[in-house]
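Here the structure comes first, spelled out in structure tokens, and everything after it is commentary.
The values are calculated or read from the model by the stated rules, or taken from the named source; none is laboratory data. Model, not experiment: these values are computed from the prediction. Because the Cβ atoms are built from the backbone with ideal geometry, glycine has one as well, and the counts that use them run over all protein chains shown. Ligands, DNA and RNA are excluded from the accessible area calculation, which covers all protein heavy atoms including side chains. Shrake-Rupley method; radii C 1.70, N 1.55, O 1.52, S 1.80 Å.
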Amino acid sequence: MTASLDQAREILRRTFGHAEFRGRQAEVITEILEGRSAMAVLPTGGGKSLCYQIPSLMRPGLGLVVSPLIALMTDQVAGLVQSGVSAARLDSNIEPRERMETWARIEAGTLDLLYVSPEGLMQPSMLERLSRTPLALIAIDEAHCVSQWGHDFRPEYRMLGRVAELFPTVPRLAVTATADARTREDIRTELRLKDAAEFVASFARPELALQAERKRGAGHKRVLELVEARPDRSGVIYAGSRDGVDKLAEALRGFGVPALAYHAGLDKTVRAERLEKFLEADAAVMVATIAFGMGVDKPDVRYVIHADPPASIEAYWQEIGRAGRDGEPAEGITLYGAADMAWAFRRLDGRDVDEEVKSVQGRKVRQLYAMLDGVTCRAAAVRRYFGEEGVAPCGQCDICLGAVATVDATQSAQKALSAVHRLGGRFGRGRLIEHLLGKTKDPSSFEAGLSTFGVGQELSAAGWRDLLDQLLFDGLLKEDPNDGRPLIGLGEAAEVRLVYRGERKVALRQGLEEKEARKPRRKVREDRIMPAQDQPVFEALRAWRRDEAARQHLPPYVIFHDRTLAEIAVARPSGLSDLAAISGVGEGKLARYGEAVMDVLRQQAG
Ligand code: ADP
Ligand code: ZN
């Protein structure tokens, strides 16, 4: 039997309250409904979960969803139950009694969706019981975890390949938000999806305004400025180390910002408490290592700041992608420096992995910094990195808005490269700059006699520092750590030659610090501005939601997203049938909350 897409759309409307499929959802769902396996690569917030939830409701049998994190499963199951879907999870946190009840529902055929962890699924007893259960599909969420090329490798995901043989007639769906061509290949191989159709959506995140700037000095001052310019909004701030997280959170609290710290060094219960606090707050700032990540599906995060840069472009997109999941405008701001890049290479060198893996990861580091320090649209650079073609500039990142002016610095770059060459890579940054400016104290006759001595009068010491950093980011120079007293040597020889010959130009980023770039420059889209008269209604609806969420011990967004409340505030539905037409209001939620919402509206009107 081929179930129809019309029926799927009916479920989308009635159960989930959305009018139309987005992006490639309809294609993925059709593929699964026809009983074929598939792989879907959709950006964060792209609506991956509906791709397996809807077919699970339509096909006979249980929809099995493999998910790497309990937090992810908890949120999804809570959201489904709110929408009136029969869903449950089985993981190590579930009490025996609930476990038994869930199995009873599975055996009675009344459960539509079951969420499990990969190791939970592969337990013999689980597999044995499932072998007697008709399955609608098997979805593997965050499928990139199977790849060692990716950034979230989880060895237990590798076992999932066996599912193909154990359940040969059940369609499988691998979904992920981040997978370059290589990771996709890995997913296919490891999860035995060789012949599966692949649906790759655009990686565009039009709601995200991106910005990146070089670190100036070490302190927390810049992060504080950025946070203070964004009051009453939820944000995530990533720092590179546990210690860095603790110190930054403390510094922010010192300035009255209610910042929470989160990293793997904290006690499990402390972490769970803080996560819950963050999820349930209307405005909260979480300072964290990347231990805080997957599974944080808070839709109203308005900014992500990298106080230290991410590890790769994949990691960047995924981490920045935690902002603006509700589709409302949000920001991604990254602070980075040459020292961070040097540190990334050093750490990679120390890792005990194949040379091939090392060289792939080294290239990823290089590509990340080229994007951060580059002078082309950031969103476009990332999308091209993911293999998209014909990408237009986003029009809202710092580069597109002209915050980063450049000047041609090819001649100065030639001087710097040639100085490094003549000095034989034996000097660090400071000495090299002194040499270029001719300011070396008591220079040896060898140094004073070099043609590069004092040739660099066109730039200040700070200007040279910027240029040297840029040449490092571009791979034209490279840094030898030399036990903490780094020396600068020449980078990729072929590229260096192109610069000498003037065939490769070097554009220097200019005057970042004086620029307006320091202020948040959100261009709020016209259609997103709520008319002033609707604001009080919106606030009243949020207050009602806050109480309702507290009563049920749920995060507020599980009840309704901000976006849905905003739409209600503006549309002022006059009755339940009008309310049902708002995106995000399905039948389950209408029955549950319709009257309460109408009450709030009536009170506001009276
Ligand atoms: P992700 O791909 O990041 O897992 P989700 O499945 O969590 O994304 O969906 C992100 C948000 O988009 C959710 O709030 C979901 O309700 C909403 N959404 C998904 N599909 C649609 C659609 N077709 N129309 C409107 N909203 C949708
Ligand atoms: Zn742009």
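For Lys221 and Ser86, FRET efficiency with R0 = 35 Å and r from the beta-carbon atoms, rounded to 0.05?
It comes out at approximately 0.10.
Can you pull the accessible area of His561 for me, 1.4 Å probe, Å² to the nearest 10?
Only protein atoms counted, so the area is about 70 Å².
Relative to the Cα centre, what is the charge dipole magnitude of the range 214-277, using +1 at the beta carbon of each Lys and Arg, -1 at the beta carbon of each Asp and Glu, and rounding to the nearest 20 debye?
Computed about the Cα centre, the dipole is about 320 debye.
Could you work out what % of the accessible surface of the chain is carbon and sulfur, using a 1.4 angstrom probe and leaving DNA, RNA and ligands out of the count? Intermediate results must be reported in sequence, preceding the final value.
Numbers: 13510 of 26700 Å².
Carbon with sulfur: 51 percent of the solvent-accessible area.
For Glu388, project a label point 7 Å along Cα to C-beta. Then give me every residue of the range 283-322 with its amide nitrogen under 19 Å of that point.
Within reach of a label on Glu388, which here means backbone N under 19 Å from a point 7 Å along Cα→Cβ, the range 283-322 contributes 304, 312-322.
Using Cα atoms only, what is the angle between the long axis of helix 461-473 and the major principal axis of the chain, expressed in degrees (0 to 90) to the nearest 10?
On a 0 to 90 degree scale, this one is about 50.
Could you give the size of the charge dipole of the chain about its Cα centre, using +1 on the Cβ of each K and R and -1 on the Cβ of each D and E, expressed in debye and rounded to the nearest 20?
The dipole of the chain has a size of about 940 debye.
For a distance above 22 Å, tell me the whole-number percent of Cα pairs in the range 310-462 that qualify.
It works out to 58 percent of all Cα pairs.
Rounded to the nearest 0.05, what FRET efficiency do Lys441 and Glu356 have when you use their Cβ-Cβ distance and R0 = 35 Å?
0.15
Please determine, in degrees from 0 to 90 and to the nearest 10, the orientation of helix 355-372 with respect to the longest principal axis defined by the Cα atoms of the chain, where the helix direction is its Cα long axis.
That works out to roughly 80 degrees.
Projected onto the charge dipole of the range 161-267 (+1 at Lys/Arg Cβ, -1 at Asp/Glu Cβ, origin at the Cα centre), which of Ala259, Ala229, Val163 gives the Cα projection farthest towards the positive end?
It is Ala229.
Can you tell me how much longer the chain between Ala605 and Arg347 gets when fully stretched, taken as 0.36 nm per residue apart minus their C-alpha distance, in nm with one decimal?
Result: 86.8 nm gained on full extension.
Could you do me a favour and compute the accessible area per residue for the chain, 1.4 Å probe, result in Å²?
44 Å²
Between Ala591 and Arg551, what length comes free when the chain is fully extended (0.36 nm per residue of separation minus the Cα-Cα distance, one decimal in nm)?
Gain in length upon complete extension: 12.6 nm.
Where both partners of a DSSP beta bridge lie in the chain, what percent of those bridges are antiparallel, to the nearest 5?
15 percent
Do the alpha carbons of any pairs in Lys247/Lys478; Lys415/Lys439; Lys221/Lys441; Lys247/Lys268; Lys298/Lys358; Lys215/Lys478 sit beyond 23 Å of each other, and which pairs?
On the way: Lys247/Lys478 31 Å; Lys415/Lys439 16 Å; Lys221/Lys441 34 Å; Lys247/Lys268 20 Å; Lys298/Lys358 34 Å; Lys215/Lys478 19 Å.
Pairs exceeding 23 Å: Lys247/Lys478; Lys221/Lys441; Lys298/Lys358.
Under 18 Å from a point 7 Å along the Cα-to-Cβ line of Glu539: which residues of the range 224-247 have their amide N that close?
Only 231-234 pass the distance filter.
When you have a sec, figure out the Kirkwood radius of the range 373-441 from all distinct Cα pair distances and drop it here in Å to one decimal?
15.0 Å
Please compute the volume of the convex hull spanned by the alpha-carbon atoms of the range 76-137 and report it per residue in Å³.
It is 94 Å³ per residue.
log10 I(q)/I(0), Debye, Cα-only the range 5-200, no solvent, q = 0.09, 0.13 Å⁻¹?
Each listed q maps to, in turn, -0.29, -0.64.
Any idea what angle helix 562-571 forms with the longest principal axis of the chain, computed on alpha-carbon atoms, 0 to 90 degrees, nearest 10?
Between helix and principal axis, roughly 70 degrees.
Please report the Cα spread of the chain along all three principal axes, rounded to whole Å, starting with the longest.
Answer, in whole Å and largest first: 90, 63, 46 Å.
When the dipole is taken about the Cα centre of the range 5-200, and only Lys, Arg (+1) and Asp, Glu (-1) are charged at their Cβ, what size is it in debye, to the nearest 20?
It works out to roughly 200 debye.
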